[in-house]
Protein chains: 2
Amino acid sequence: MNNQNYNGIRSFIAVSKCGSFTLAAEETGLSKAVLSQQLSALEKELEVQLMHRTTRKLRLTELGEVYLAKCQQGFKELELAKDWVTQASTALAGPIKINMVGGVIGEQMLAPLLIQFQQNHPEIELSINFSSHQVDLLASQFDLVIRMGTLADSSLVGRHLINITTRYVAAPEFLNKHQAIQHPQDLNQVPLIYGSVNKWLFKQGKQGNIQEQQVKASKGLQVANGEVMCQAALAGLGVARLADVYVAKYLASGELFEVLPQWQEITPLTLLCPPSQYQLERIRVLMNFLINNIPNRYEQLLQMK
Amino acid sequence: MNNQNYNGIRSFIAVSKCGSFTLAAEETGLSKAVLSQQLSALEKELEVQLMHRTTRKLRLTELGEVYLAKCQQGFKELELAKDWVTQASTALAGPIKINMVGGVIGEQMLAPLLIQFQQNHPEIELSINFSSHQVDLLASQFDLVIRMGTLADSSLVGRHLINITTRYVAAPEFLNKHQAIQHPQDLNQVPLIYGSVNKWLFKQGKQGNIQEQQVKASKGLQVANGEVMCQAALAGLGVARLADVYVAKYLASGELFEVLPQWQEITPLTLLCPPSQYQLERIRVLMNFLINNIPNRYEQLLQMK
DNA sequence: AATCACTGTTTAGTAATAGTTAACAATAAG
DNA sequence: CTTATTGTTAACTATTACTAAACAGTGATT
């Protein structure tokens, strides 16, 4: 990959096409002087005469004829490369890899929207992965990641989608059997239903005056699945810590009741993408689609019976 | 044929190959700063992210991957074009078109040398044309022209090959029948054998003191062929004006005698080529071959019996 | 968890070259 | 022979390619 006199070659091509320096100068918007200089420089580099020239007539040498064709070929490839890139970057087509949280959020809230998006843009090839753990967007090949909570990873650009309220719920039968729960520490006395996190951190108050309480779950049922936790709570097995999307309809129907409502936790749902200065159009479109539709979809889910 | 950021593309290719800016900097001999700048500039122009980069890891985007391949292809073509040119210009192969004088000079002196040259370089494709009139080397496609006399055409570069002596000769029988010829004007009294030129111009003396004599041939035989003129002279038809290559052996054997030896004319044989600053190697080689061998060949011809 | 070595980026300044204008030389046409 | 037009040259300017050094993240080491 050696240095080449690209300007010289361009001048050569232009002059050859036009058959005259003066015409080529008009065509390219350059002065005829520079065309002459650059062509001379090219010939000097190649140590070859590419054109015979009088003040009136130009004629390519045999070498020039072939060299011209080959160079035009090369430049055409480069031009096609550029065209391809701009086309590919602006087209609503091609692959988008998404990694997102599972559970009701992923399956009930996000997936239907993505399916709809895929239907709207059949040229786009959506591929969806579920996982909750941290993903290195640079190392892995995901274009978008949707996560619960505010992520520490600074190499990602995050956009807030919605706030999800985490509630503490129990069945009325259960509440009748136990003492009223009025403080987080009261949870130490009753069976709990918990998922992957067994340390429940309670925060309350504005910044500067934050009360913290911690409860370590041990008694009760551990099951890493929101749906099953929900079923367990409905069966009166204990107090469960669940996002409102799981429990909204049961709270509405009275099948579950909320305890410690003043200790509700608010967790943001965040859309993350690699810090690309130049985003592909298809990804930009999907991001906007998600940002515009997820809030409504969230409301729908909460009101679903 | 739009402007493209060739340096940007080159930097992109180099960094992609090396997998690191620092390595690519060493490889290319540029500073890593300029690689970074140029790649950024390229991305800005394309409005596309070609590479994801951390301080530790580089990874091509999907777009970058394809763009890289396409650009490499394009550059490869350009490189091949250059390689082809240098190869073609230095190789002893390819066509050489020659236009040269006919007659004994062309057929007996030059042609055998050219045949020998063609045998020495079978990859070269020699093509030979005979003619005496002026040829525009630029308009026609001749690489070399061999002509008698010093040509006025300034657009050609001439190299002196040999001096050919033109003599006035007659058979001894003829000379016995006529008065002694001691001055050009004496030729008006005897039959002459002449070719295409029927005005014989005689010059004598150094510059500044030149004597000129002109004789217009009319009586005698006109035949535009040196060989036939020679035969006519041998048959005693008259005084012929012939290059020494035609008559040398007859002068040696006494079959012909020279008249007016002090009025001998010396005509240079000249090798002409287009004013190419960069000569193809094969043409340079042929020119040297001719320049080196024609004098010997000329001597050979003169001594031939 | 803090340091360290290394990476890519930024900035400011310099060297190189791509570019222009105007005068010039050469050629074909009137 | 003159004229109009072409390609080349020369002197100069604007642009850009490039460098060096300070900077700021990142990942491994301890």
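The values are calculated or read from the model by the stated rules, or taken from the named source; none is laboratory data. Because the structure is predicted, anything quoted here is derived from the model rather than measured. Cβ coordinates were reconstructed from backbone atoms using ideal geometry, including for glycine residues, and neighbour counts include every protein chain displayed. These accessible areas exclude ligands, DNA and RNA; they are computed on the full protein's heavy atoms, side chains included. Shrake-Rupley method; radii C 1.70, N 1.55, O 1.52, S 1.80 Å.
With +1 on the Cβ of every Lys and Arg and -1 on the Cβ of every Asp and Glu, and nothing else charged, how large is the dipole of chain A about its Cα centre, in debye rounded to the nearest 20?
Numbers: 27 positive and 26 negative charges, 80 e Å.
Approximately 380 debye in magnitude.
Among A:186, A:244, A:143, whose mean-square fluctuation peaks in a Gaussian network model of chain A (Cα, cutoff 10 Å)?
A:186
Can you list which of the trypsin sites (Lys or Arg not before Pro) found in segment A:63-95 are DSSP loop residues with at most 14 other C-beta atoms within 10 Å? Spell out each step's value before the answer.
Values: sites: A:70, A:76, A:82; in loops: none.
Here no trypsin sites (Lys or Arg not before Pro) fit, given the DSSP loop and packing criteria.
Defining a contact as two alpha carbons under 8 Å apart and six or more residues distant in sequence, what relative contact order in percent does chain A show?
20
Report, in debye and to the nearest 20, how large the dipole of the protein assembly as shown comes out about its Cα centre when Lys and Arg carry +1 and Asp and Glu carry -1 on their Cβ.
My answer is approximately 660 debye.
When the Cα atoms of chain B are enclosed in a convex hull and the volume is divided per residue, what value in Å³ results? Could you put the intermediate results ahead of the total?
Details: hull volume 58.5 nm³, N = 305.
Dividing the Cα hull volume of chain B by its residues yields 192 Å³.
Considering only DSSP beta bridges where both residues belong to segment B:164-267, give the percentage that are antiparallel (nearest 5).
Beta bridges within segment B:164-267, antiparallel portion: roughly 75 percent.
What nm distances, shortest first, do you get from the label point of residue B:222 to those in the other copies when the point sits 7 angstrom along Cα to Cβ?
Computed spacing set for this position: 12.4 nm.
How high is the FRET efficiency between residue B:55 and residue B:27 when r is their beta carbon distance and R₀ equals 22 Å, given to the nearest 0.05?
Here the calculated transfer efficiency is 0.70.
Express the relative contact order of segment A:6-90 as a whole percentage, based on alpha carbon pairs under 8 Å and six or more residues apart in sequence.
Dividing the mean separation by the residue count of segment A:6-90 yields 24 percent.
What angle, in degrees between 0 and 90 and rounded to the nearest 10, separates the Cα long axis of helix B:62-90 from the longest principal axis of the Cα atoms of chain B?
For B:62-90 against chain B, the angle is about 20 degrees.
Taking the full set of protein chains and a 1.4 angstrom probe, give the accessible area of residue B:257 in square angstrom, rounded to the nearest 10.
Spelled out: residue B:257, probe radius 1.4 Å, area about 100 Å².
What is the average number of partner chain Cβ atoms found within 10 Å of a Cβ in B:89-95?
2
Given Cβ point charges of +1 (Lys, Arg) and -1 (Asp, Glu) and nothing else, what value in debye, to the nearest 20, does the dipole of segment A:6-90 about its Cα centre take?
Its charge dipole is roughly 300 debye.
Of A:28, A:205, A:232, which is farthest on the positive side of the dipole of chain A, counting Cα position, with +1 on Lys and Arg Cβ, -1 on Asp and Glu Cβ, and the Cα centre as origin?
A:28
Tell me, what is the percent relative contact order of segment B:202-305, built from C-alpha pairs under 8 Å that lie six or more residues apart?
Working: 52 pairs, mean separation 26.5, N = 104.
Averaging sequence separation for qualifying contacts and normalising by length gives 25 percent for segment B:202-305.
Per residue, how much accessible surface does segment B:164-267 expose to a 1.4 Å probe? Answer in Å², no decimals. Write out the running numbers ahead of the final one.
Details: 5570 Å² over 104 residues.
Accessible area per residue: 54 Å².
Using only protein heavy atoms and a 1.4 angstrom probe, determine the accessible area buried between B and A, summed over both sides, in Å² to the nearest 100.
Values: alone 18000 and 18010 Å², together 31050 Å².
For B against A, buried area totals roughly 5000 Å².
Hey, what angle do you get for helix A:6-18 against the long axis of chain A, alpha-carbon based, 0 to 90 degrees rounded to 10?
60
How many lysine pairs does segment A:6-90 hold where the Cα atoms are under 27 Å apart and the two sit 8 or more places apart or on different chains?
Value for segment A:6-90: 15.
Based on DSSP H runs of at least 4 residues, each adding -39500 (n - 2.57), what is the mean residue ellipticity at 222 nm of chain A after dividing by all its residues, to the nearest 500 deg cm²/dmol?
Helix-only estimate at 222 nm: -13000 deg cm²/dmol.
Using a Gaussian network for chain A with springs between C-alpha atoms less than 10 Å apart, which of these wobbles most: A:218, A:132, A:36?
Of the options given, A:36 has the highest mean-square fluctuation.
Take the alpha carbon atoms of segment B:20-94, find their center, do the same for segment A:239-305, and report the distance between the two centers in whole angstrom.
45
Taking a label point 7 Å out from Cα toward Cβ, give me the nm distances from residue A:83 to the same spot in the other copies, shortest first, one decimal.
The answer, with the shortest distance listed first, is 2.7 nm.
For the protein assembly as shown, build the charge dipole from Cβ charges (+1 Lys, Arg; -1 Asp, Glu) around the Cα centre, then report which of A:42, A:242, B:122 sits farthest towards its positive end.
Toward the positive end, the furthest listed residue is A:42.
On C-alpha positions alone, give me the angle between the axis of helix B:244-253 and the longest principal axis of chain B, in degrees, nearest 10.
40
On the accessible surface of chain B, probed at 1.4 Å, how many percent belong to carbon and sulfur atoms?
48
Mind checking which of B:87, B:49, B:189 has the largest fluctuation in a GNM of chain B, springs on alpha carbons under 10 Å?
Its mean-square fluctuation being the largest, the pick is B:49.
Sorted from shortest, what are the nm distances separating the label point of residue A:47 from equivalent points in the other copies, each placed 7 Å from Cα along Cα to C-beta?
4.7
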